[in-house]
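Enquirer: Would you mind keeping the following structure in view while I ask a few things?
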Ligand SMILES: Nc1ncnc2c1ncn2[C@@H]1O[C@H](COP(=O)(O)OP(=O)(O)OP(=O)(O)O)[C@@H](O)[C@H]1O
Ligand SMILES: [Mg+2]
């Protein structure tokens with residue numbers, strides 16, 4: 001049975017267990033029909049031309065794990081930002097782990113989507129926001145149909161959340177192959193501030209397919225920093241779709257660090273619905289072997305006087321494949337837009353490839369749009385300069401890679417996270433240097 | 001200190017150095033002058049181990065040890081330092097972090113512990129003061145957006161930090177204003193001792209007023225065609241290279 005058929009029959013069984021009167025039931029039904037009609041995207045779809053899913057879809061994934069698994073904190077501590085106090089919403093094989101989590105309802109809600117879906121007091125929020133940003137493409141629809149568990153974060157107006165919030169999905173490998181579909185809903189009220197870190201981590205080398213969807217709503221003057229740390233094992237694949245709706249004067253920044261995993265597809269979508277929005281999309285990708293990382297971004301400027309900044313850096317070794325699909329749309333009414341897009345790539349090996357395609361659809365006439373893309377090798381002259389000062393070849397290479405990625409790291413606001421990312425890069429490059437940048 | 005015998009080198013199969021002989025003793029300063037394109041920077045690159053250049057013949061010894069097969073970093077660990085004619089800009093790496101890394105990597109290679117942070121800081125302050133470099137300057141990205149003169153001064157700052165045995169200064173004077181020239185030359189002189197040597201590549205006598213050479217060599221078309229004392233530099237300044245070309249022709 002194909003994965004598609006398996007998912008559809010699983011859905012039918014799952015539907016029997018659901019409250020058919022629930023306010024999102026119609027959304028679910030529509031979503032599964034959507035998926036049934038379109039199926040998984042293939043390379044024939046323009047947006048998936050460089051990212052074939054077929055091999056990955058062949059594994060016999062379990063959709064609902066039979067038993068729930070527990071993890072001991074000490075064994076997974078390294079995946080948390082353990083040197084700072086944080087809120088935590090943690091799932092193990094798709095099931096909420098109250099033991100590893102630290103949720104709150106004091107002044108803000110940091111909890112589970114499943115409880116938000118089932119309790120009346122959250123009904124107005126669910127009604128107003130759930131599935132109001134997500135698109136209806138087949139992958140997102142699939143997640144919507146199965147939407148059951150994930151993080152629910154609601155920050156009321158004027159609240160500055162001091163502690164970062166960590167959303168972590170662990171996969172234990174207790175199933176031969178597992179598919180997980182987390183669904184996060186994040187609403188940040190007027191003038192509220194929040195920092196969120198999202199991570200998907202497998203603890204065993206089993207095929208894992210995560211189809212994650214996150215909806216984020218930034219109300220007026222909201223300020224959001226969102227960090228995605230993608231450093232999974234070589235058997236784990238991730239399709240991550242994030243939809244961000246911004247109201248006026250809001251500021252949202254998403255940093256994506258892609259260092260590990262088998263195949264990663266990031267669909268990162270911004271919709272600027274009010275004036276003076278600021279959107280930042282930054283990423284560092286460092287991959288090797290046969291790893292594949294695809295960044296498909298969309299910034300839809302729907303209002304005047306807004307800005308967007310995209311800055312993606314990639315370093316590809318061995319037969320690694322990178323894709324950068326950066327789409328910027330500017331509606332006719334969206335005058336005085338400043339849209340910046342930069343994508344720089346270094347190919348370490350001549351077998352590595354990068355497919356970069358900026359797409360600009362501009363219907364307003366008074367806009368500033370710039371985009372640049374470079375593909376190159378590490379600068380030989382710079383390498384000799386460093387080596388002539390006594391820095392070994394490997395270290396000099398590493399130093400240049402750090403330097404290359406540095407301006408993306410610069411804007412990481414949580415110092416401990418920045419150190420952690422620096423550490424991951426050092427591990428990835430295989431050197432430890434006694435410097436910080 | 002440095003012993004070069006019959007050194008030939010080529011780049012992309014093009015012969016550039018065609019048999020160089022040069023001996024520099026400990027405590028000495030030698031100057032190399034010569035027309036554009038004669039091979040001065042190539043010689044500096046070959047000594048420092050730039051892999052773009054192939055040494056096809058000859059010997060290259062530092063303190064009696066053959067360094068011709070060593071990687072650039074290994075040569076640096078042996079005490080070779082090249083002040084680049086065109087220092088490379090490296091955005092994202094600060095001067096301070098770069099210098100710290102260079103010193104500690106060299107110490108590691110020599111089997112020493114990393115330099116304690118306080119000692120490092122003291123040394124950085126001391127050498128920055130010697131070269132009259134502003135502290136703010138040291139936190140900037142290496143050479144990025146530096147003026148020509150700032151780049152050269154920064155090269156000599158690195159030299160002061162690394163305390164090499166053999167310093168090769170490739171046109172360090174070009175781009176320096178008159179005051180900076182004096183400061184940089186003074187910095188170089190402070191580092192001179194009986195245990196190290198300096199090879200100065202320059203087009204102008206001016207620098208040699210400050211860093212007085214024991215010997216001056218003229219490089220033309222990949223060969224040293226004339227050597228003399230510091231007066232040779234004065235003569236070149238006055239008369240140019242034509243008379244040497246004539247001498248070479250008639251010889
Ligand atoms: N990487 C290279 N590839 C090709 N040719 C080179 C390369 N490096 C040097 N050359 C050539 O070798 C010759 C010597 O160059 P070099 O830079 O050593 O001259 P120089 O004496 O330092 O000149 P200047 O006084 O202008 O600095 C020149 O003809 C130059 O074009
Ligand atoms: Mg030169």
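The values are calculated or read from the model by the stated rules, or taken from the named source; none is laboratory data. Note that the coordinates shown come from a computational prediction; the quantities given were computed from them, not determined experimentally. Cβ coordinates were reconstructed from backbone atoms using ideal geometry, including for glycine residues, and neighbour counts include every protein chain displayed.
Enquirer: Among the residues of the range B:72-93, is any within 30 Å of residue B:18 (Cβ to Cβ), at pLDDT 90 or above and out of contact with any helix residue (DSSP H, G or I) (no Cβ under 9 Å at 6 or more places or on another chain)?
Expert: yes
To keep it simple, each residue is scored yes or no on (1) over 27 Å from residue A:268 (Cβ atoms); (2) touching a helix residue (DSSP H, G or I) at 6+ places or on another chain (Cβ under 6 Å).
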{"residue": "A:66", "(1), (2)": "yes, no"}
{"residue": "A:71", "(1), (2)": "yes, no"}
{"residue": "A:78", "(1), (2)": "no, no"}
{"residue": "A:89", "(1), (2)": "no, no"}
{"residue": "A:117", "(1), (2)": "no, no"}
{"residue": "A:138", "(1), (2)": "no, yes"}
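Enquirer: Right, next: Quickly run through the range A:15-32 and pick out the residues that are touching a residue at least 60 places away in the same chain (Cβ under 8 Å) and either over 26 Å from the mean Cα position of the chain (by Cα) or closer than 23 Å to residue A:56 by Cα (or both).
Expert: Passing the criteria: A:22, A:23, A:31, A:32.
Enquirer: Please find, among B:52, B:21, the residue that is within 16 Å of ligand 2 (Cβ to nearest atom) and either at pLDDT below 95 or farther than 21 Å from residue B:212 by Cα (or both).
Expert: B:52
Enquirer: Kindly establish whether residue A:51 is closer than 21 Å to residue A:213 by Cβ, modelled with pLDDT of 95 or more and touching a strand residue (DSSP E or B) at 6+ places or on another chain (Cβ under 7 Å).
Expert: Yes: the conditions hold for residue A:51.
Enquirer: Let me confirm something: among A:200, A:193, which residue is assigned by TED's automatic domain parsing to the domain that holds residue A:250 and surrounded by fewer than 21 Cβ atoms within 10 Å (Cβ to Cβ)?
Expert: Values: A:200 fails: surrounded by fewer than 21 Cβ atoms within 10 Å (Cβ to Cβ).
Just a single option satisfies the conditions, and that option is A:193.
Enquirer: I need a count of the residues in the range B:196-210 that are within 15 Å of residue B:152 (Cβ to Cβ) and either within 14 Å of ligand 2 (Cβ to nearest atom) or within 14 Å of chain A (Cβ to nearest Cβ) (or both).
Expert: Adding up the residues that qualify gives 5.
Enquirer: Something else: Against the conditions (1) in a strand (DSSP E or B); (2) within 21 Å of residue A:208 (Cα to Cα), where does residue A:290 fall short? Just the number, please.
Expert: Evaluating residue A:290 over (1) in a strand (DSSP E or B); (2) within 21 Å of residue A:208 (Cα to Cα) leaves (1) as the failure.
Enquirer: Could you pull out the residue among B:68, B:83, B:94 that is within 16 Å of ligand 2 (Cβ to nearest atom) and on the phi < 0 side of the Ramachandran plot?
Expert: That would be B:83, the only listed residue that is within 16 Å of ligand 2 (Cβ to nearest atom) and on the phi < 0 side of the Ramachandran plot.
Enquirer: What single numbered condition from (1) within 12 Å of the chain's Cα centre (by Cα); (2) at pLDDT below 95 fails to hold for residue A:260?
Expert: Only one criterion in (1) within 12 Å of the chain's Cα centre (by Cα); (2) at pLDDT below 95 is unmet by residue A:260, namely (1).
Enquirer: Sort through B:224, B:168 and tell me the only one that's within 14 Å of another protein chain (Cβ to nearest Cβ) and within 16 Å of ligand 2 (Cβ to nearest atom).
Expert: After applying the criteria, what remains is B:168.
Enquirer: Name the one entry in B:237, B:194, B:247 that is on the phi < 0 side of the Ramachandran plot, away from ligand 1 (no atom under 16 Å from the Cβ), surrounded by fewer than 16 Cβ atoms within 10 Å (Cβ to Cβ) and at pLDDT below 90.
Expert: B:247
Enquirer: Same structure again: Could you go through the range B:146-161 and let me know if any residue there is surrounded by fewer than 16 Cβ atoms within 10 Å (Cβ to Cβ) and either within 16 Å of ligand 1 (Cβ to nearest atom) or over 12 Å from the mean Cα position of the chain (by Cα) (or both).
Expert: Yes, the range B:146-161 contains a residue that is surrounded by fewer than 16 Cβ atoms within 10 Å (Cβ to Cβ) and either within 16 Å of ligand 1 (Cβ to nearest atom) or over 12 Å from the mean Cα position of the chain (by Cα) (or both).
Enquirer: Here's a follow-up. Restricting to the range A:393-409, count the residues that are more than 9 Å from chain B (Cβ to nearest Cβ) and without any contact (Cβ under 8 Å) to a residue 60 or more places away in the chain.
Expert: 3
Enquirer: Picking from A:239, A:264, which residue would you name as being assigned by TED's automatic domain parsing to the domain that holds residue A:147, assigned to a strand (DSSP E or B), touching a helix residue (DSSP H, G or I) at 6+ places or on another chain (Cβ under 9 Å) and buried (at least 23 other Cβ atoms within 10 Å of the Cβ)?
Expert: A:239
Enquirer: Regarding the range B:177-192, can at least one residue be identified that is in contact with a helix residue (DSSP H, G or I) (Cβ under 6 Å, 6 or more places away or on another chain) and under 26 Å from residue B:11 (Cα atoms)?
Expert: No, the range B:177-192 has no match at all.
Enquirer: Starting from the range B:51-70, take each residue that is farther than 21 Å from residue A:393 by Cβ and list its partners that are within 16 Å of ligand 1 (Cβ to nearest atom), counting only C-beta distances under 6 angstrom and pairs at least six apart or across chains.
Expert: From the range B:51-70, the pairs are B:56/B:8; B:56/B:10; B:57/B:8; B:58/B:7; B:58/B:8.
Enquirer: Where the second residue is more than 8 Å from ligand 1 (Cβ to nearest atom) and in a helix (DSSP H, G or I) and the first is within 19 Å of residue B:205 (Cα to Cα) and lies in the range B:32-50, which pairs have Cβ atoms under 6 Å and are six or more apart or on separate chains?
Expert: B:33/B:236
Enquirer: Picking from A:279, A:308, A:250, which residue would you name as being surrounded by 23 or more Cβ atoms within 10 Å (Cβ to Cβ), assigned by TED's automatic domain parsing to the domain that holds residue A:171 and closer than 25 Å to residue A:368 by Cα?
Expert: Selected residue: A:250, the only one of A:279, A:308, A:250 that is surrounded by 23 or more Cβ atoms within 10 Å (Cβ to Cβ), assigned by TED's automatic domain parsing to the domain that holds residue A:171 and closer than 25 Å to residue A:368 by Cα.
Enquirer: Quick one: which strands (runs of 3 or more DSSP E) lie wholly within the range B:23-108 and hold at least 3 residues that are within 30 Å of residue B:231 (Cα to Cα) and away from chain A (no Cβ under 14 Å)? Steps first, answer last, please.
Expert: Details: elements: B:29-33, B:54-62, B:80-83, B:90-94.
Qualifying strands (runs of 3 or more DSSP E): B:29-33, B:54-62.
Enquirer: So residue B:16 clears everything in (1) in a loop (DSSP other than H, G, I, E, B); (2) near ligand 1 (Cβ under 8 Å from one of its atoms); (3) in contact with a helix residue (DSSP H, G or I) (Cβ under 7 Å, 6 or more places away or on another chain) except one condition, right? Which one?
Expert: Every listed condition holds for residue B:16 apart from (1).
Enquirer: Which pairs turn up if I take residues in the range A:1-14 that are closer than 15 Å to residue A:33 by Cα and look for partners that are in a loop (DSSP other than H, G, I, E, B) with beta carbon separation below 6 Å, at least 6 apart in sequence or on another chain?
Expert: That search, which allows pairs on different chains as well, returns A:4/A:39; A:10/A:63.
Enquirer: For residues that are free of Cβ contacts under 8 Å to residues at least 12 places away in the same chain and either surrounded by 15 or more Cβ atoms within 10 Å (Cβ to Cβ) or under 15 Å from residue A:139 (Cβ atoms) (or both), tally how many sit in the range A:50-73.
Expert: Going through the range A:50-73 one residue at a time, the tally reaches 1.
Enquirer: Also: On the basis of being closer than 28 Å to residue B:103 by Cα, near ligand 1 (Cβ under 9 Å from one of its atoms), touching a strand residue (DSSP E or B) at 6+ places or on another chain (Cβ under 6 Å) and modelled with pLDDT of 95 or more, does residue B:45 make the cut?
Expert: So residue B:45 fails the test.
Enquirer: Being in a helix (DSSP H, G or I) and either facing chain B (nearest Cβ under 7 Å) or in contact (Cβ under 8 Å) with a residue 24 or more places away in the chain (or both) is the filter here; which residues of the range A:380-392 pass it?
Expert: A:381, A:382, A:384, A:385, A:387
Enquirer: Keeping to the range B:111-145, report how many residues are free of Cβ contacts under 8 Å to residues at least 24 places away in the same chain and either within 19 Å of residue A:391 (Cα to Cα) or not in a loop (DSSP other than H, G, I, E, B) (or both). Even if it seems obvious, please write down each step before you answer.
Expert: Applying the first criterion (free of Cβ contacts under 8 Å to residues at least 24 places away in the same chain) to the range B:111-145 yields B:111-122, B:125-126, B:129, B:134-136.
Filter again for either within 19 Å of residue A:391 (Cα to Cα) or not in a loop (DSSP other than H, G, I, E, B) (or both), leaving B:111-122, B:125-126, B:129, B:135-136.
Residues that pass the stated criteria total 17.
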